[in-house]
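Trainee: Sending over a structure as structure tokens; questions will come in a sec.
The values are calculated or read from the model by the stated rules, or taken from the named source; none is laboratory data. A quick note: this is a predicted structure, and the numbers were derived from the prediction, not measured. Don't worry about glycine lacking a Cβ; one is built from the backbone with ideal geometry, like all the others, and counts go over all protein chains shown. For the accessible areas, the whole protein counts, side chains as well, though only heavy atoms, and no ligand, DNA or RNA atoms are used. Shrake-Rupley method; radii C 1.70, N 1.55, O 1.52, S 1.80 Å.
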Amino acid sequence: MAINKAKQRMLEGKPAFGAEVGLGSALSAELISPMGFDFILVDNQHGAWDDNSSMTAFRSIALGVATPMARVRKNEFGAIGRLLDRGAMGIIVPMVNSVEEAEAAVEAVRYPPIGGRSGGAFGTGYLGDGYMQWANDEIFLAIQLETVRAAEIAEDILSVEGIDGCWIGPGDLSMSMGVDLSDDEGWKAHDDLIVEMFEATRRAGKIPGIWTGSASEALRRHEQGGLFLTTGGDGPWVVEGARRTLAELGR
């Protein structure tokens, strides 16, 4: 049996800090996993992954200490099931804007009686025996709230049985709000709405989370109550390291 240590931390009220991998390289995931992140998110929505490379990445992540998770391309039964069947221990579903869409995510992720996930998880053997008996408890399901429409009914959406928490998409949220984050007033309105969404998530008894691209921003969001937090990813870290090297060379 595999224990989802990232989910366990969050249920204890402790933050889980993670990394995104989007370059499509299982070796990238393998290099990052032993470093001490609580989870590594294989980004199928915006990253360069397919089903089989994602499966390899999950196993590469499992060689380290992090929990393998994935963001699915869209809220679709088959797409979610295929990532779970290949060994993802967490699923993040983008653009959930209604109770019905949250229920669809649960239907795809959870086995009966909670959901309607199909049996036949061929790629989960590396996680240990008895998969179907413990999967509903150990798999972490977060939905992305990233529009004003979702923010307005966040507590209702998060109250759906089988949802563990949210992962707010701040970029899409700012576009939905029509605010300029370089403007103080726009930044404050955006930040205030995120805090309200965290509070709605807690009222629903679920885990608040948000995408962030840096350790400093992840720590700031944790101070606001966030527990499911990314801190950066392989692509930006490659660019950052290259820029730092070139700066040291005076180039």
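Trainee: Keeping all protein chains in the complex and leaving out DNA, RNA and ligands, what accessible area do you get for Met89 with a 1.4 Å probe, in Å² to the nearest 10?
Mentor: Approximately 10 Å² of Met89 is accessible to the 1.4 Å probe.
Trainee: Oh, and also: With θ set to phi - 60°, apply the Karplus curve 6.51 cos²θ - 1.76 cosθ + 1.60 along the stretch 7-18 and write out the HN-Hα couplings as whole Hz, x wherever there is a Gly or Pro.
Mentor: My calculation for the stretch 7-18 gives 5, 4, 4, 5, 5, 8, x, 9, x, 10, 9, x Hz in order.
Trainee: Roll a 1.4 Å probe over the protein heavy atoms and report the accessible area of Asp180 in Å², nearest 10.
Mentor: Number for this one is 90 Å².
Trainee: Can you return the lysines within cross-link range of Lys7? Criterion is Cα-Cα under 23 Å, with same-chain partners fewer than 8 residues away left out.
Mentor: Reachable lysines: Lys74, Lys206.
Trainee: Ranked from the most accessible area to the least, with a 1.4 Å probe and all protein chains present, what is the order of Glu223, Glu196, Glu101?
Mentor: Glu223, Glu196, Glu101
Trainee: Just the Kirkwood number for the stretch 24-118, please: inverse of mean 1/r across all distinct Cα pairs, in Å, one decimal.
Mentor: Value: 13.4 Å, from the Cα pair sum.
Trainee: OK, next. Could you tell me how many cubic angstrom of Cα convex hull volume the chain has per residue?
Mentor: 125
Trainee: Note down the nm distance, to one decimal, between modelled labels 7 Å out along Cα→Cβ at Glu107 and at Asp191.
Mentor: Result: 4.0 nm between the two label points.
Trainee: Accessible area, 1.4 Å probe, largest first: how do Ile3, Ile168 sort?
Mentor: The residues order as Ile3, Ile168, largest area first.
Trainee: Just to check I understand the Karplus step: with θ = phi - 60° and J = 6.51 cos²θ - 1.76 cosθ + 1.60, what whole-Hz values come out for the stretch 204-211, glycine and proline as x?
Mentor: Working through the residues one at a time gives 7, x, 10, 9, x, x, 7, 6 Hz.
Trainee: Whole-Hz Karplus ³J(HN,Hα) for the stretch 230-237, in order, using 6.51 cos²θ - 1.76 cosθ + 1.60 and θ = phi - 60°, x for Gly and Pro?
Mentor: My calculation for the stretch 230-237 gives 8, 10, x, x, 5, x, x, 5 Hz in order.
Trainee: Helix-only estimate, please: 222 nm mean residue ellipticity of the chain, summing -39500 (n - 2.57) across DSSP H runs of length 4 or more and dividing by its residues, to the nearest 500.
Mentor: -13500 deg cm²/dmol
Trainee: Now, a different point. Can you give me the % of accessible surface on the stretch 132-251 that is carbon or sulfur? Probe 1.4 Å, all protein chains present, nothing else counted.
Mentor: Summing carbon and sulfur atoms, their accessible area is 52 percent of the total for the stretch 132-251.
Trainee: Counting only residues 5 or more places away or on other chains, whose amide H sits under 5 Å from the amide H of Cys166 once H atoms are built in the peptide plane?
Mentor: Sorted by chain and number, the residues that satisfy this are Ile143, Ile207, Gly209.
Trainee: Further question on the same structure: When the Cα centres of the stretch 24-99 and the stretch 121-168 are compared, how far apart do they sit, in Å?
Mentor: 13
Trainee: Ranked by accessible surface with a 1.4 Å probe, highest first, in what order do Arg117, Arg149, Arg251 come?
Mentor: Largest to smallest exposure gives the sequence Arg251, Arg149, Arg117.
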